[in-house]
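Chemist: Quick one: this structure, given as structure tokens, is what I'll be asking you about.
Read-outs throughout are calculated quantities, based only on the coordinates presented, and are distinct from any laboratory measurement. Bear in mind that the values here come from a model prediction, so they are computed numbers and not experimental data. Here the Cβ is made from the backbone with ideal geometry for all residues, glycine too, and neighbour counts use every protein chain on show.
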Amino acid sequence: MEGFVHSMETFGLVDGPGVRFVVFLQGCRMRCRYCHNPETWKLEGGTPWTADKLFSHVYRYKSYWNKKGQPNGGIT
């Protein structure tokens, strides 16, 4: 199974506590009134990724999430 990724941010600071790796998925149907990423609403587009391939890519950045003396980060 594949999902479609619109974009990724490797050093996100505003999408949760600590430093985060942010994955923006393509094809959101929620249509939130104050959405910051309406370009992700379209069902077509994006890059296909399997969950395993995406996690392997994202996990390479783990050292940024757990710096001593900083709040824990993660994946959003």
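Chemist: Considering the stretch 1-14 alone, what residues qualify as being closer than 11 Å to T76 by Cα and surrounded by 15 or more Cβ atoms within 10 Å (Cβ to Cβ)?
Modeler: M8, G12
Chemist: Shifting gears a bit: Return yes or no: is V23 touching a strand residue (DSSP E or B) at 6+ places or on another chain (Cβ under 9 Å), surrounded by 12 or more Cβ atoms within 10 Å (Cβ to Cβ) and aliphatic (A, V, I, L, M)?
Modeler: So V23 fits the description; yes.
Chemist: Out of curiosity, is R29 under 13 Å from the mean Cα position of the chain (by Cα) and among the basic types (K, R)?
Modeler: No: the conditions fail for R29.
Chemist: Limited to the stretch 28-56, what total is found for residues that are free of Cβ contacts under 8 Å to residues at least 12 places away in the same chain, not in a loop (DSSP other than H, G, I, E, B) and not small (G, A, S)?
Modeler: The qualifying residues number 4.
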